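Everything on this sheet refers to the single structure shown next.
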Amino acid sequence: MSKADFPTVEQLTRLQIEAVARWHQEPISNDYQGIEQLVCQQHEYNYRLWHEEDTARSPSANDQEIAEVKRAIDKLNQARNDMIERVDDAITQCLAEQGASAPSDAPINTETAGSAIDRLSIMSLRLYHYREQLERDDVNSEHREKVEQRIALCEQQHHDLSSSLQQLINDLFAGVKQHRTYRQMKMYNDPSLNPAIYHSKTSG
């Protein structure tokens, strides 16, 4: 895949924004290909996480429901982090196919492109649900004013991150910045690394 074929950040964020709205009206689907398919899959995990987190904070949830939701959140978080790596790996492959490589002393961003795409996914969810708050008929003007202020701030942050990510992608394909996949190496879901898991097996 060449730089010309690689989706723009605007295309990726439009995918995220449209998917959030669509998935609230119909079953989750992913009909994309290539990097967009991976971004949509990553986005789905964030979408599911968002609603599981809401359930976990419901005052009416009992202990069993909260425990089940917590386990679901752990699995979704692991899947989401795995997808960040897969997106970054796909970018590595695209750069290799393009023949884009940066010198060993070229700068490296503190955040990978996959991580930034993940943050934009969460921002699209936040914007959707804040806008939902404006449609409520059981809130006062003070609530609406607070929500409007937060939407404006979210939109500014979304714009800033989108612009920064596009610049990063341009720099990667131009060979002026290095790209790496940083492995998450989460410990809590690994039975051999989480003391609460491996101690329970030896004491059982």
Test result for Leu95, crowded, with 17+ Cβ neighbours inside 10 Å and touching a Cys at 6+ places or on another chain (Cβ under 6 Å):
no
Tell me which residues, restricted to region 147-189, are at pLDDT 95 or above, basic (Lys, Arg) and farther than 30 Å from Pro103 by Cβ.
Arg150
Looking at region 111-151, which of its residues are small (Gly, Ala, Ser) and farther than 23 Å from His43 by Cβ?
Ser141
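From the list Val87, Val69, pick out the single residue that is surrounded by 15 or more Cβ atoms within 10 Å (Cβ to Cβ) and modelled with pLDDT under 95.
Values: Val87 fails: modelled with pLDDT under 95.
Just a single option satisfies the conditions, and that option is Val69.
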Condition check for Asp5: among the charged types (D, E, K, R) and at pLDDT below 95
yes
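Give the number of residues within region 105-139 that are outside any helix (DSSP H, G or I) and in contact (Cβ under 8 Å) with a residue 12 or more places away in the chain. Even if it seems obvious, please write down each step before you answer.
Filtering region 105-139 for residues outside any helix (DSSP H, G or I) gives 105-112, 135-139.
Narrowing the set further to residues that are in contact (Cβ under 8 Å) with a residue 12 or more places away in the chain leaves 106-109, 112.
Qualifying residue count for the region: 5.
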Pull up region 108-153, narrow it to residues that are over 30 Å from Arg180 (Cβ atoms) and small (Gly, Ala, Ser), then point me to the one that is surrounded by the most Cβ atoms within 10 Å (Cβ to Cβ).
Ala152
How many of the residues making up region 18-64 are of a type in the set (Val, Ile, Thr), in a helix (DSSP H, G or I) and surrounded by fewer than 19 Cβ atoms within 10 Å (Cβ to Cβ)?
1
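What do you reckon, is Asp82 of a type in the set (D, E, K, R), assigned to a helix (DSSP H, G or I), in contact (Cβ under 8 Å) with a residue 60 or more places away in the chain and in contact with a helix residue (DSSP H, G or I) (Cβ under 8 Å, 6 or more places away or on another chain)? Walk me through it before giving the result.
Details: of a type in the set (D, E, K, R): yes; assigned to a helix (DSSP H, G or I): yes; in contact (Cβ under 8 Å) with a residue 60 or more places away in the chain: yes; in contact with a helix residue (DSSP H, G or I) (Cβ under 8 Å, 6 or more places away or on another chain): no.
No.
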Please verify whether region 27-38 includes one or more residues that are out of contact with any Pro (no Cβ under 8 Å at 6 or more places or on another chain), of a type outside the set (Asp, Glu), within 25 Å of Asp160 (Cα to Cα) and touching a residue at least 12 places away in the same chain (Cβ under 8 Å).
yes
Of the residues in region 140-162, those that are aliphatic (A, V, I, L, M) and in contact (Cβ under 8 Å) with a residue 40 or more places away in the chain come to Leu161
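The values are calculated or read from the model by the stated rules, or taken from the named source; none is laboratory data. Because the structure is predicted, anything quoted here is derived from the model rather than measured. Ideal geometry is used to build each Cβ from the backbone, glycine not excepted, and the neighbour counts take in all protein chains shown.
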